């Protein structure tokens, strides 16, 4: 029987390097996806606009703050769905992981479209309809305590207009959604080469034993010996789980 040479050190080093690169890509994708979803949620909870209602003289105008969550609630739901998809990526492998990555990319596209949708003044004024008086900001010199007899806080308003002040947060939400899309596409492209959950939680002693058995097999083959003849049954092995 011809001798079989051991795998070259260069080949082993290349394999380990590829495994390390896969782990780095995997960690970077998870971090980017979580950061993108977090950025979307953070931006949506900031003030995007103010609704200003004029009141009859001598009452001061009433100013209502409107967050992105009130204007585009769907974007917040999609960001949370993106986090759920990241958990699915961790728990899956192969084609299932690619499907989870594709779904993550679709969710990111939906969040980007929603976050960049045009917000009208009518939407801002509609968002504050029925808001309690405690959420108002009155003008200078006001003596309003913020509580009244249960009526609408804009009952005395004669006119209203919207002032958009949250464009930086608007852009931040769109940028976070784009990051989610990129994380999903990276999963579709490279996800099958990344570590899987079972490999991450495998016991170190079993990994070392597998490497030792492989080295023993190559040594036996190089000396024209059948490695299965010298195998001894493991008497101390525990019951299979």
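Using only the Cα atoms of segment 161-201, build the gyration tensor, take square roots of its eigenvalues as a ≥ b ≥ c, and label the shape rounded, prolate or oblate: rounded if a/c is under 1.5, else prolate if a/b is larger than b/c, else oblate. Judged from the Cα gyration tensor, segment 161-201 comes out prolate (a/c at least 1.5, a/b above b/c).
From the square roots a ≥ b ≥ c of the eigenvalues of the alpha-carbon gyration tensor of segment 64-107, which class results: rounded (a/c under 1.5), prolate (a/b over b/c), or oblate? Prolate, because a/c is 1.5 or more and a/b exceeds b/c. Does segment 47-123 come out rounded, prolate or oblate by the C-alpha gyration tensor, with a ≥ b ≥ c the root eigenvalues, rounded set by a/c under 1.5 and, if not, prolate when a/b is larger than b/c and oblate if not? Prolate, since a/c reaches 1.5 and a/b exceeds b/c.
Bear in mind these aren't lab numbers, they're just calculated from the coordinates by the rules spelled out. Treat the numbers as computed from the prediction; the structure is a model and nothing was measured.
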